[in-house]
Structures are given as C-alpha cells and as structure tokens.
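Below is one structure; the comments refer to it alone.
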Amino acid sequence: MSLRRLGSLSAALLTTATLTACSAEPVEADDPKPSPTGTTAPSGAPGGAPNEGGLSLADAIRKIPVAEEKRTGYERDSFKHWVDEDDDGCPTRQEVLLAEAVTAPEQGARCTLSGGSWTSYYDEVEVNDAKKLDIDHMVPLAEAWDSGAHDWTPERREAYANDLTAERSLVAVTAKTNRSKADKHPTQWMPPAQSATCTYLVDWTATKLRWNLSADATEQAALLDLAEPCADSTVGYEPSS
C-alpha cells in the first residue's frame, strides 16, 4: 500500500495543524479534500504544519525563491508518470483515486476501478465515474520545469510527477477544470469555486516550497494579492528528499 493511502487512512491521527481559509462551512474529518475553513491536514502534507510550525500564507509566499522562468527544452515526457512505485499493481493515478474517494470504488484486475464517488474541490462537483476525473499536478509539469525542474535529474522529475508522499501535490479533479487550468499559474487561472481559493493558494505555495521551486516576480506579487482574503490560512510542508 502506498504512503499516500496510508496517510489518507491515518489522517485523523496524524493531524497537527489547522488550515483556515475562505469558506464558512466545515467538512467532516474524513473528507479527502479539506475545505478552506476549520479543517485539519496531516503533518507533511501541504496545509499541515512543518516541524517548526506553520507559516502564514503571506510569509510562505515570500519564502518562495524569486527567479526568472526558463521554458527552453521542456517536454512533458521529461517527467515520467504514472508509475507503480510500490509494485502493488496500482499506478499513481489509481493510488490518488483510491486515497481521495469519498465512497470507495471496487478494485478489479490491474487496479481497474468501478463505482465510487469523489468531490472535485476546484469546482465543488460530485463525480461518480473515475474516468471523468483527471489527476492534476498542483504545480503543473511545465510550470515546475520553468521554476527549477529543468536542472533536475530524470529521477527527481519522476519523483515529482508521482509525489504520493505529500497528499496535496496531486489532486483528483474534474477533467474540465484540469484542462482549463492546463499549465497556467495563479496569475492566469484559479479554481472556479470561490470556496477553493485559499486552499488552492496554500496547496500551490506548499508544493513550490516542498520542491524548492521558484516563482518569478510577477507570480509572487499576484500570489500575495490573491492571498489577502486568506489572512488566517497557514502553510505547512516538508522538503522533498
């Protein structure tokens, strides 16, 4: 069983910090995608507290290294995904779907999934067919390349593209929203659901910090502007190995 699924099953016991953001509606403790208010996230996942304690969203944004982006040489195939890292028959896509299911799907041969239900937090849509979901890289692969992954080894890029250790690096969302987002950063695209705004900014910031990815000056300024309504949001992360 992957660390992602183990973390999902034990989230209630491992919770160490509260993510507070835009919505006034709390969610149940076993909701795989915390809503922005009064919800906790496991330590080590974006939205949870790092060892030294959580950072305010604004302080976390300011901690992202500032550098110019470099798109030259990018190819999606530079990031090998979806792999079956633990050799249990379930590649990364299925691992995320299993971990984030609100109602567990049935698992067949070669980790085919049937039934089940999910909530796409980008647009607050309930989905009952896994085929209608995409697995979104919180910081898209092209954006990661621009922000530092162009200097990584192939092995590190593969680890990034299949990051099941941090529960917010990969998220199951409607195909419509994922394809609308494409490789855009928050200066160009934000989730359509207002309730997702602060959670998304926390997840984006934590993923950049976890992987030591940079932001250009325009992105940092826009993140700080977008984060103004999220004054109570905190960011936690653990650096990737």
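The values are calculated or read from the model by the stated rules, or taken from the named source; none is laboratory data. For clarity, every value in this text was computed on a predicted model and none was experimentally measured. Cβ: placed from backbone, ideal geometry, glycine included. Neighbour counts: every protein chain shown. Heavy atoms of the whole protein, side chains included, go into the accessibility calculation; ligands, DNA and RNA do not. Shrake-Rupley method; radii C 1.70, N 1.55, O 1.52, S 1.80 Å.
Do we find that ASN162 is of a type in the set (S, T, N, Q) and crowded, with 21+ Cβ neighbours inside 10 Å in this structure? So ASN162 passes the test.
Pairs are defined by a Cβ separation below 7 Å, a sequence spacing of at least 6 or placement on different chains, a first member in segment 148-163 that is of a type in the set (A, V, I, L, M), and a second member that is in a helix (DSSP H, G or I); the pairs so defined are ALA149/ARG157; ALA149/TYR160; ALA161/LEU141.
Return yes when ALA60 is at pLDDT below 95, touching a helix residue (DSSP H, G or I) at 6+ places or on another chain (Cβ under 8 Å), open to solvent by less than 30 Å² (accessible area, probe 1.4 Å) and within 13 Å of VAL235 (Cβ to Cβ) and no when it is not. So that I can check it myself, show each step before the final result.
Values: at pLDDT below 95: no; touching a helix residue (DSSP H, G or I) at 6+ places or on another chain (Cβ under 8 Å): yes; open to solvent by less than 30 Å² (accessible area, probe 1.4 Å): yes; within 13 Å of VAL235 (Cβ to Cβ): yes.
No, not satisfied.
The lone criterion from (1) open to solvent by less than 60 Å² (accessible area, probe 1.4 Å); (2) farther than 27 Å from GLN188 by Cα left unmet by ASP134 is number (2). Would you mind stating whether GLU167 is closer than 20 Å to THR197 by Cα and crowded, with 22+ Cβ neighbours inside 10 Å? Yes: the conditions hold for GLU167. Assess whether VAL139 counts as being within 22 Å of GLU85 (Cα to Cα), open to solvent by less than 10 Å² (accessible area, probe 1.4 Å) and either without any contact (Cβ under 8 Å) to a residue 40 or more places away in the chain or in a loop (DSSP other than H, G, I, E, B) (or both). Judged against the criteria, VAL139 is a match. Within segment 142-163, being touching a Lys or Arg at 6+ places or on another chain (Cβ under 6 Å) and either closer than 20 Å to TYR200 by Cβ or of a type in the set (Ser, Thr, Tyr) (or both) holds for one residue alone: ASP146.
Quick check on ALA193: is it over 14 Å from the mean Cα position of the chain (by Cα) and more than 27 Å from GLU68 (Cα to Cα)? First the steps, then the outcome.
Values: over 14 Å from the mean Cα position of the chain (by Cα): yes; more than 27 Å from GLU68 (Cα to Cα): yes.
Taking the combined requirement at face value, the residue satisfies it.
Within segment 185-241, count every residue that is crowded, with 23+ Cβ neighbours inside 10 Å, polar (S, T, N, Q), touching a helix residue (DSSP H, G or I) at 6+ places or on another chain (Cβ under 8 Å) and assigned to a helix (DSSP H, G or I). Result for segment 185-241: 1. Considered as a group, the residues in segment 146-184 that are in a helix (DSSP H, G or I) and of a type in the set (Lys, Arg) include one that is nearest to LEU223 (Cα to Cα), and that residue is LYS181. Total residues in segment 88-127 satisfying the condition of being acidic (Asp, Glu) and more than 28 Å from MET190 (Cα to Cα): the figure is 2. Looking at TRP145, TRP82, just one residue is within 19 Å of ASP183 (Cα to Cα), of a type in the set (A, V, I, L, M, F, W, C) and open to solvent by 50 Å² or more (accessible area, probe 1.4 Å), and that residue is TRP82. All of (1) in contact with a helix residue (DSSP H, G or I) (Cβ under 7 Å, 6 or more places away or on another chain); (2) buried (at least 23 other Cβ atoms within 10 Å of the Cβ); (3) modelled with pLDDT of 95 or more hold for CYS111 with one exception: (2).
Of all the residues in segment 85-100, those that are open to solvent by 20 Å² or more (accessible area, probe 1.4 Å) and in contact (Cβ under 8 Å) with a residue 60 or more places away in the chain number 4.
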